[in-house]
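Undergrad: Here it is, the structure, as structure tokens.
The values are calculated or read from the model by the stated rules, or taken from the named source; none is laboratory data. This one's a predicted model, so the numbers in the text were calculated from it and none came from an experiment. Cβ sites come from the backbone with ideal geometry, for glycine too, and all protein chains shown count toward neighbours. Surface areas here come from the heavy atoms of the whole protein model, side chains and all, with no ligands, DNA or RNA. Shrake-Rupley method; radii C 1.70, N 1.55, O 1.52, S 1.80 Å.
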Amino acid sequence: MTQTDLAGGLALDRAGSLRGAVEFLSRDKAAASAWTRRATLAAFGATTLFAICAAAAWPLTGAVVPWDSKNHFYPMFRFLADALAHGEIPYWNPFHFGGHPAVADPQSLIFTPTMFLFAWLAPGASMQVFDAVIYAHLLAGGFAILLLFRRRGWHPSGAVLAATVFILGGPSASRLQHTGMIISFACLPIAILSLEVALTRFSLAFAALFGAVAAFMALGRDQVAFLGCFILLFLALHEAASSGAPVRYLARRWRVLALAALVASAFLAVPSLLTIQFLADSNRPEISYGVAAAGSLAPVNLMTMLSPNFFGSINWSYDYWGPGYETTSAPDHTDRAINYLFAGSLPALLLFWHGLAGGRLAGRGLRPFLIVTIAALLYSLGRSTPFFALVFDAIPGVKLYRRPADATFPLLFGLAICSGYLLHRYVADGLPNPFRGLPRAVAAALALLAVLPAAALVGSSLSFSSAQDHLDFSLRELAIAAVTCAGLAGALQAGNSFSRRAALAAILVAGAGGELVWRNAAVSINAEPASRYVFDTMPAPQAAGLEA
């Protein structure tokens with residue numbers, strides 16, 4: 001902590017209040033004690049090692065990220081790279097859809113700085129290298145999560161758990177094919193980190209960084225970017241409201257906010273105007289509620305948080321019987337990739353036991369992220385709650401997108417932060433005991449009430465599988481999940497001292513990373529053999545046709 005930071009924190013943070021200064025100092029003291037140089041290097045090293053192991057699963061099995069990634073985004077990248085290699089300006093792509101204004105298309109990657117640089121440096125990059133670069137974006141987001149935890153003094157093991165969940169949990173794994181959304185999602189924690197530092201330190205440099213990163217996220221112009229912008233706005237307003245004098249708080253930071261807005265506007269102006277012109281020729285410039293609602297996440301899909309293959313989501317036989325077009329009476333335009341939420345058994349156990357039953361999700365430092373998590377869950381459930389119908393009519397921009405289930409991305413971000421925080425609380429405070437002092441019978445009843453949501457989820461999911469004649473399979477998968485969680489719960493019980501809990505947390509995080517690689521990396525939901533996308537082994541008649 002520098003002298004400048006100390007002075008800024010004491011005199012200016014949280015509108016100059018004494019309470020804010022004390023909170024600023026205590027937070028940084030906690031960070032200094034928990035995040036030694038060795039612990040910081042270990043956290044970054046562990047996260048990097050995890051990301052390398054996960055990304056290596058595709059080339060080691062001869063697979064690539066399939067579908068949209070290779071049918072759409074990779075050709076877009078190669079066109080951009082070829083144009084740059086020949087000194088041309090990639091305004092118009094004559095090979096796409098019989099001619100296509102690439103410069104106005106958010107998916108052309110032209111205005112994505114990292115991909116533009118990649119195309120310039122490696123114009124002949126293979127599909128595998130393309131996948132690795134996309135995955136590196138998620139690693140960068142994971143690094144930002146580590147720093148968000150470090151700023152709060154939350155334990156490094158919790159930070160690594162949160163980063164691994166962000167990198168390979170749920171939609172980060174199952175929807176790797178949607179390259180643009182992955183890049184937008186990766187920008188979110190980086191933007192949050194730079195925003196926090198800019199507001200806390202009155203830093204114009206970080207204000208400019210925030211404006212640039214937020215703009216790069218928004219340039220994706222997908223629903224993940226759209227929701228990410230609302231998250232950034234909410235977190236900034238929450239920080240102002242928490243100061244006790246929000247108007248004064250914002251007034252003191254007008255230079256920071258103005259510079260961030262100016263930088264963001266400079267990056268967004270031209271691409272946005274081009275896309276608005278392109279939108280005039282679109283066949284879906286706006287989505288009706290009925291079409292959007294068909295892309296809702298059915299509530300039973302939350303079961304994949306506990307048991308990844310409960311509905312056959314990652315079967316290589318592609319025998320999926322979860323919610324979708326063929327298994328529900330109401331229109332459902334989702335699929336097994338959109339509906340997949342598994343982020344690890346340890347995060348699920350922490351959320352239901354320590355978080356819900358133990359009451360630790362109400363922790364003060366976690367509240368803004370908990371609000372984001374709840375809002376993202378309600379949005380993703382779409383027609384299953386009144387929330388989406390309200391925001392569909394009330395908030396400009398929502399009608400531009402056809403799938404509320406895209407909110408599983410910010411939902412995953414919130415779950416990552418929550419699970420990491422809960423592990424931090426376990427290391428610091430041990431097992432939760434929220435009903436201390438109450439009669440034993442009353443405490444047991446309240447704990448039972450807290451776990452009813454999990455019981456209801458299991459019951460409704462088994463009923464769904466039974467209706468699809470797959471009850472036996474789902475019961476086996478549920479048993480695997482139950483045994484895994486029971487083992488983890490038993491391990492957590494062994495942490496009877498701070499040092500033992502810290503060591504145990506590190507071991508459990510390593511195991512959680514291994515489970516994510518096993519369950520989510522290069523599985524049927526996000527991988528296909530590279531040979532399906534390489535044409536040098538085509539049969540002679542097909543090769544002759546392609547040549548013609």
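Undergrad: Rounded, prolate or oblate for region 136-280? Axes are the square roots of the Cα gyration tensor eigenvalues, ordered a ≥ b ≥ c, and the cut-off for rounded is a/c under 1.5.
TA: Details: a/c = 2.10, a/b = 1.05, b/c = 2.00.
The shape class here is oblate.
Undergrad: Right, here's the next one. Using R₀ = 25 Å, calculate the FRET efficiency as 1/(1 + (r/R₀)^6) where r is the Cβ-Cβ separation of residue 384 and residue 279; round to 0.05. Before the final figure, lay out the partial values.
TA: Details: r = 30 Å, r/R0 = 1.18.
That gives a FRET efficiency of 0.25.
Undergrad: While we're here: What accessible area, in Å² to the nearest ten, does a 1.4 Å probe give for residue 374?
TA: 90 Å²
Undergrad: I would also like to ask the following. As a test of reading the structure, rank 320, 135, 325 by solvent-accessible area (1.4 Å probe, protein chains only), most first. Provide the component values of the computation, followed by the final result.
TA: Values: 320 50, 135 15, 325 170 Å².
Descending order: 325, 320, 135.
Undergrad: Place a +1 charge on the Cβ of each Lys and Arg in the chain and a -1 charge on the Cβ of each Asp and Glu, then give the dipole magnitude about the Cα centre in debye, rounded to the nearest 20.
TA: Working: 35 positive and 28 negative charges, 491 e Å.
Charge dipole of the chain: 2360 debye, to the nearest 20.
Undergrad: Expressed as a whole number of Å, what is the distance separating the alpha-carbon centroids of region 478-521 and region 137-186?
TA: Taking the Cα centre of region 478-521 as reference, the centre of region 137-186 is 19 Å away.
Undergrad: Pick out the long, greasy-scoring helices in the chain: whole DSSP H runs spanning 20 Å or more along their own axis by Cα, mean Kyte-Doolittle at least -0.5.
TA: Numbers: long enough: 18-34 (24 Å, 0.10); 37-60 (34 Å, 1.09); 127-152 (39 Å, 1.08); 179-201 (34 Å, 1.61); 204-218 (21 Å, 2.29); 223-242 (28 Å, 1.72); 254-279 (34 Å, 1.82); 367-381 (21 Å, 1.73); 408-429 (30 Å, 0.99); 440-467 (39 Å, 1.63); 471-493 (32 Å, 1.15); 498-520 (32 Å, 0.63).
The qualifying helices are 18-34, 37-60, 127-152, 179-201, 204-218, 223-242, 254-279, 367-381, 408-429, 440-467, 471-493, 498-520.
Undergrad: Something else now. What percentage of the solvent-accessible surface of the chain, computed with a 1.4 Å probe over protein heavy atoms, is contributed by carbon and sulfur atoms? Mind dumping the intermediate values first?
TA: Numbers: 15970 of 23910 Å².
It is 67 percent, rounded to a whole number.
Undergrad: Quick check: from the Cα gyration tensor, does region 477-533 come out rounded (a/c under 1.5), prolate or oblate?
TA: On the way: a/c = 7.73, a/b = 2.19, b/c = 3.53.
Judged from the Cα gyration tensor, region 477-533 comes out oblate (a/c at least 1.5, b/c at or above a/b).
Undergrad: Can you figure out the FRET efficiency of residue 486 with residue 393, using R₀ = 51 Å and their beta-carbon distance, to the nearest 0.05? If you can, show how the numbers build up before the last one.
TA: Values: r = 45 Å, r/R0 = 0.89.
Step by step, r from the Cβ atoms, then E = 0.65.
Undergrad: Give the separation of the Cα centroids, region 324-345 to region 229-245, in Å.
TA: Computed from Cα coordinates, the inter-centre distance equals 33 Å.
Undergrad: Using a simple charge model, +1 on the beta-carbon of Lys and Arg, -1 on the beta-carbon of Asp and Glu, nothing else, what dipole does region 490-548 show about its Cα centre, in debye to the nearest 20?
TA: Computed about the Cα centre, the dipole is about 540 debye.
Undergrad: Hey, can you find the accessible area per residue of the chain for me, probe 1.4 Å, expressed in square angstrom?
TA: Working: 23910 Å² over 548 residues.
Ligands and nucleic acids excluded, the figure is 44 Å² per residue.
Undergrad: Here is a further query. If I stretch the segment between residue 431 and residue 518 completely, what's the gain in nm (0.36 nm per residue apart, minus their alpha carbon distance), one decimal? Let's see the in-between values first.
TA: On the way: separation 87, 0.36 × 87 = 31.32 nm, distance 2.81 nm.
Contour length minus the Cα-Cα distance gives 28.5 nm.
Undergrad: Here is a further query. Would you work out which of 483, 186, 451 lies farthest towards the positive end of the dipole of the chain? Charges go on Cβ: Lys and Arg +1, Asp and Glu -1.
TA: The listed residue farthest towards the positive side: 451.
Undergrad: Residues with beta-carbon under 14 Å from that of residue 193, excluding residue 193: net charge, scoring Lys, Arg +1 and Asp, Glu -1? Each step should come with its number before you reach the end.
TA: Working: positive: 150, 151, 152, 201; negative: 196, 239.
Cβ neighbours under 14 Å give a net charge of +2.
Undergrad: A further question follows. Using a 7 Å offset from the Cα along the Cα-to-Cβ direction at both residue 245 and residue 37, what is the distance between the two label points in nm, to one decimal?
TA: 4.0 nm
Undergrad: A further question on this structure: Grab the DSSP H runs of the chain that are 4 residues or longer, score each as -39,500 (n - 2.57), total them, divide by all residues and round the 222 nm result to the nearest 500 deg cm²/dmol.
TA: Working: 22 runs with 344 residues, N = 548.
Calculated mean residue ellipticity at 222 nm is -20500 deg cm²/dmol.
Undergrad: Could you work out how far apart the two model spin labels at residue 254 and residue 494 are, taking each label as a point 7 Å from the Cα in the direction of the beta carbon, and quote it in nm?
TA: 6.0 nm
Undergrad: Determine, from the Cβ-Cβ distance of residue 233 and residue 367 and an R0 of 25 Å, the FRET efficiency 1/(1 + (r/R0)^6), rounded to the nearest 0.05.
TA: On the way: r = 17 Å, r/R0 = 0.66.
Computed FRET efficiency for residue 233 and residue 367: 0.90.
Undergrad: Could you rank 333, 238, 100 by how accessible they are, 1.4 Å probe, largest area first?
TA: The most accessible residue leads, giving 333, 238, 100.
Undergrad: Would you kindly calculate the translational diffusion coefficient of region 250-306, applying Stokes-Einstein with the Kirkwood radius from alpha carbon pairs, for 37 °C and a viscosity of 0.692 mPa s, and quote it in µm² s⁻¹ without decimals? If you can, show how the numbers build up before the last one.
TA: Working: Rh = 15.7 Å.
The diffusion coefficient I find is 208 µm²/s.
Undergrad: Compute, for residue 253, the solvent-accessible surface of its heavy atoms (probe 1.4 Å) with the complete set of protein chains present, and express it in square angstrom to the nearest 10.
TA: 0 Å²
Undergrad: If you average 1/r across every pair of different Cα atoms in region 416-461 and take the reciprocal, what Kirkwood value do you get, in Å?
TA: The Cα-based Kirkwood calculation yields 12.6 Å.
Undergrad: Write down the Å³ per residue value for the convex hull defined by the alpha carbon atoms of the chain.
TA: So the per-residue hull volume is 173 Å³.
Undergrad: Hey, can you grab everything whose amide H is under 5 Å from the amide H of residue 64? Only 5+ residues off in sequence or another chain; H modelled, so Pro and N-termini drop out.
TA: 528, 530
Undergrad: Given H placed on each backbone N at 1.01 Å, which residues far from residue 126 in sequence or on other chains put an amide H within less than 5 Å of it?
TA: When sequence neighbours closer than 5 places are left aside, there are no close amide H contacts.
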